[in-house]
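The values are calculated or read from the model by the stated rules, or taken from the named source; none is laboratory data. Values in this document were obtained by computation on a predicted structure and should not be read as measured data. Note that we place each Cβ from the backbone using ideal geometry, even for glycine, and neighbour counts take in every protein chain shown.
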Amino acid sequence: MSRQKELPLAKKKRVRPLPYLLIAPAMALFTMFTFYPFIRTIILSFALTNKAGNFSKWVGFANWTRVLSKASFWNVVGITLKMAAVNLICTMLVAMIFALLATKKVRFSKVYQTMYALPMAIASSPAAAIFLFIYRQKNGLLNNILGTNISWLTEKPTAIWAVCAMTIWMHIGVSFIFLLVGFRNVPEDLLESAWLDGAGPLQRIRHIIIPMASPQIFFVVFLNIASSFKTFAQIKLLTQGGPANSTKTLIYYIYENAIINGRFETACVQAIFLFLLIFLFTRIQFALENKVVHYQ
Amino acid sequence: MMTAKQQKKVKSNTSFIIKVILGIIFIAPLIIGVAFSIQTEETLVTYPLKLIAENPTIQNYVEVFRKVPLLAYLKNSVIVCACAIIGQVVFSSLAAYAFVYFEFPLKKLLFTLVLATMMIPGEVVVITNYVTIQNMGLINTYMALILPSLVSGTSIFLMRQYYLTLPKDFKEAATLDGCSDMGFLFRIATPLSIPTISSLAVYLFVQIYNQFFWPLLVTNKDTMRTIQIGISFLTTSDIISYGQILAGAVVAIVPSVVVYIFGQDYIIKGMTAGGVKG
């Protein structure tokens, strides 16, 4: 967390209210919209709720056993993990190539640097409108180009890939930026001496650039896993979890249970499960960090 | 024969052109959106589709503004963004100032709580927050849209990281000159942190303007929708043709893309400042 030392403010005085007043607005909002709902979500996962999502009676672990014993739930978890893996691999691959291409600052390199990151500024809703046009069956752009007549979003084998393609497109920019910052931090003289020693471009990438930028690469890997878990808009707008639940992820399932079916307690169990899943990956990230990452 | 210098120049020009072409391919969906938004409905249903319009028209834009309250959506988005950004800048500056310049009981615990908020993704609590807002009777209000975005652990962390870089004797010197605690924050620390605040503001604009899940939940009245939600409902409407949908999408994309292009250095700074060690 903090690398710098806090300011040593000498003289112990009596407790003054000012610092508390300064923190109070932030803390009040955190309490209301982060801590309270988090605790409430945990509590409601052990209770029944009414139609409005409020407490009606305790049921112990009944919700949890019901949710966790359903094959359909594990199917959703499986799809969530599969999508995360696909998104991670493709996003990293493209972002890595873009970042390597853009590392060297030359005149007008800003032009392609801007383009490689641009989709990250585009909202999922208008992007989905464009992708719906690309994917649509009747005179859609993709079918036009390929000369096919496929309903990309409503057929089981293609839907998940179509959703992933849009997510990957939207997520590359962020990864690209972090990797670019990392690659640009690699000392120039190190690359030069490797070059003088006869290291080719691929060797320089493998033995110098990637190890030196490992903190950023490592960070981006876990960032992509987390942001894939949180991807909601694409699924809502492209497939609504279909066809035959083949694109239904945990976050969409939570939305569907709470908002469409009014089963808030089920949604609470799944929301806590989602939290634990993200938390687990964060723990893995912290545990691996010191072993894998090379800090300068 | 080319000299070595000329050869090098040709090589670097070629690599530049290849990189730009790659970029153009990458942003193709954006180009597609614009290119087909200026075509008539007849050309959009005629096989084969042509990227370059034979008779470009702005009719889709005129129609979509006429049929859908796009300006009201945009106004809502701007109000939400402005309030949320001001809130985050003010509340995070205040809190960060307390954490950096004061010693007080429970400071460690309170800062841990700020960091803990970063471990709880908004998506986990979004449903419960929706119930809270509903219980408060705030559905379809600006309050509902703005409240959860008024503060974030990330922005407090970012401001704190900046204050930590200010020389420590600034405050002592100011205090000796008779500057009060709040005076130091408003007259010295805040003006000095304008670049950091700008980064934060630009970054937050793109993030909040592009929000989807939360505004979808707390608005169901057409006039209260933000632009993103308004656009998402176009695709399910029967009276709007696809060219008009694309026109609406392009309108929704323009503000965040313009802010991104001109503010990208700020955004990169804001994104990477709190992110990674090393």
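Please give the number of the condition A:Leu142 fails out of (1) surrounded by 15 or more Cβ atoms within 10 Å (Cβ to Cβ); (2) without any contact (Cβ under 8 Å) to a residue 60 or more places away in the chain; (3) under 19 Å from A:Gly242 (Cα atoms).
So the condition that A:Leu142 fails would be (3).
Could you give me the residue pairs with C-beta distances under 8 Å whose first residue belongs to the range B:184-197 and is assigned by TED's automatic domain parsing to the domain that holds B:Gln264, whose second residue is among the acidic types (Asp, Glu) and at pLDDT 90 or above wherever it lies, and which are 6+ apart or on separate chains?
none
Somewhere in the range A:28-45, is a residue in a loop (DSSP other than H, G, I, E, B), more than 13 Å from chain B (Cβ to nearest Cβ) and surrounded by 15 or more Cβ atoms within 10 Å (Cβ to Cβ)?
Narrowing the range A:28-45 to residues in a loop (DSSP other than H, G, I, E, B): A:45.
Going one step further and asking which of them are more than 13 Å from chain B (Cβ to nearest Cβ), we end up with none.
No, the range A:28-45 contains no residue that is in a loop (DSSP other than H, G, I, E, B), more than 13 Å from chain B (Cβ to nearest Cβ) and surrounded by 15 or more Cβ atoms within 10 Å (Cβ to Cβ).
Does A:Ile150 meet the test of being of a type in the set (Val, Ile, Thr) and closer than 17 Å to B:Ile31 by Cα? Spell out the reasoning first.
Values: of a type in the set (Val, Ile, Thr): yes; closer than 17 Å to B:Ile31 by Cα: no.
Here the answer is no, as A:Ile150 does not meet what is asked.
Scan the range A:90-119 for residues that are in contact (Cβ under 8 Å) with a residue 24 or more places away in the chain and either part of a helix (DSSP H, G or I) or not hydroxyl-bearing (Ser, Thr, Tyr) (or both) and report the count.
Here is the first cut: in the range A:90-119, the residues in contact (Cβ under 8 Å) with a residue 24 or more places away in the chain are A:90-92, A:94-96, A:98-100, A:102-103, A:105, A:113, A:116-119.
Among the residues that remain, those that are also either part of a helix (DSSP H, G or I) or not hydroxyl-bearing (Ser, Thr, Tyr) (or both) are: A:90-92, A:94-96, A:98-100, A:102, A:105, A:113, A:116-119.
Adding up the residues that qualify gives 16.
Consider only pairs whose beta carbons are under 7 Å apart and that are at least six residues apart or on different chains; among these, list those whose first residue lies in the range B:258-272 and is at the interface with chain A (Cβ under 7 Å from one of its Cβ atoms) and whose second residue is of a type in the set (S, T, N, Q).
Matching pairs, first to second residue: B:Ile261/A:Thr114; B:Gln264/A:Thr114.
So B:Ala72 clears everything in (1) buried (at least 18 other Cβ atoms within 10 Å of the Cβ); (2) in contact (Cβ under 8 Å) with a residue 60 or more places away in the chain except one condition, right? Which one?
(1)
Kindly evaluate B:Ile156 against the criterion of being facing chain A (nearest Cβ under 10 Å), outside any loop (DSSP other than H, G, I, E, B) and over 24 Å from B:Ile267 (Cβ atoms).
On the way: facing chain A (nearest Cβ under 10 Å): yes; outside any loop (DSSP other than H, G, I, E, B): yes; over 24 Å from B:Ile267 (Cβ atoms): no.
Spelling it out, it is not the case that B:Ile156 is facing chain A (nearest Cβ under 10 Å), outside any loop (DSSP other than H, G, I, E, B) and over 24 Å from B:Ile267 (Cβ atoms).
Could you check the range A:199-275 for helices (runs of 4 or more DSSP H) lying wholly inside it with 2 or more residues that are touching a residue at least 24 places away in the same chain (Cβ under 8 Å) and not small (Gly, Ala, Ser)?
Per the criteria, A:214-229, A:233-238, A:250-255.
Inside the range B:14-73, can you point out the residues that are assigned to a loop (DSSP other than H, G, I, E, B), touching a Ser or Thr at 6+ places or on another chain (Cβ under 8 Å) and farther than 18 Å from A:Ala129 by Cα?
Those that are assigned to a loop (DSSP other than H, G, I, E, B), touching a Ser or Thr at 6+ places or on another chain (Cβ under 8 Å) and farther than 18 Å from A:Ala129 by Cα: B:Lys50, B:Ala53, B:Glu54, B:Asn55, B:Thr57.
In the range A:239-271, what residues are closer than 26 Å to A:Val59 by Cα, aliphatic (A, V, I, L, M) and either surrounded by fewer than 20 Cβ atoms within 10 Å (Cβ to Cβ) or over 19 Å from the mean Cα position of the chain (by Cα) (or both)?
A:Ala258, A:Ile259, A:Ile260, A:Ala267, A:Val269
Results for (1) closer than 30 Å to B:Thr46 by Cβ; (2) in contact with a Leu (Cβ under 7 Å, 6 or more places away or on another chain); (3) within 12 Å of chain A (Cβ to nearest Cβ), shown as yes or no for each residue.
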{"residue": "B:Ile197", "(1), (2), (3)": "no, no, no"}
{"residue": "B:Val202", "(1), (2), (3)": "no, no, yes"}
{"residue": "B:Phe205", "(1), (2), (3)": "no, no, yes"}
{"residue": "B:Trp214", "(1), (2), (3)": "no, no, yes"}
{"residue": "B:Leu217", "(1), (2), (3)": "no, no, yes"}
{"residue": "B:Asn220", "(1), (2), (3)": "no, no, yes"}
{"residue": "B:Ile229", "(1), (2), (3)": "no, yes, yes"}
{"residue": "B:Asp238", "(1), (2), (3)": "yes, no, no"}
{"residue": "B:Gln244", "(1), (2), (3)": "yes, no, yes"}
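Restricting to the range A:178-220, name every residue that is within 26 Å of A:Ile284 (Cα to Cα) and hydroxyl-bearing (Ser, Thr, Tyr).
A:Ser214
Give the residues of the range B:112-126 that are outside any loop (DSSP other than H, G, I, E, B) and more than 9 Å from chain A (Cβ to nearest Cβ), sorted by residue number. I'd like the intermediate steps shown before the answer.
The initial filter retains those residues of the range B:112-126 that are outside any loop (DSSP other than H, G, I, E, B), namely B:112-117, B:122-126.
Scanning the range B:112-126 gives a single hit, B:Thr112.
Among (1) modelled with pLDDT of 95 or more; (2) surrounded by 23 or more Cβ atoms within 10 Å (Cβ to Cβ); (3) more than 7 Å from chain A (Cβ to nearest Cβ), where does B:Leu109 come up short?
(2)
What's the total number of residues in the range A:69-88 that are part of a helix (DSSP H, G or I), over 13 Å from the mean Cα position of the chain (by Cα) and without any contact (Cβ under 8 Å) to a residue 60 or more places away in the chain? Step through it out loud before you land on a result.
Step one: filter the range A:69-88 for residues part of a helix (DSSP H, G or I), giving A:71-88.
Now narrow it down to the ones that are over 13 Å from the mean Cα position of the chain (by Cα): A:71-79, A:82.
Still in the list and also without any contact (Cβ under 8 Å) to a residue 60 or more places away in the chain: A:71, A:74, A:78.
Count: 3.
Got at least one residue in the range B:219-233 being among the aromatic types (Phe, Trp, Tyr), assigned to a helix (DSSP H, G or I) and touching a residue at least 24 places away in the same chain (Cβ under 8 Å)?
No, because not a single residue in the range B:219-233 is among the aromatic types (Phe, Trp, Tyr), assigned to a helix (DSSP H, G or I) and touching a residue at least 24 places away in the same chain (Cβ under 8 Å).
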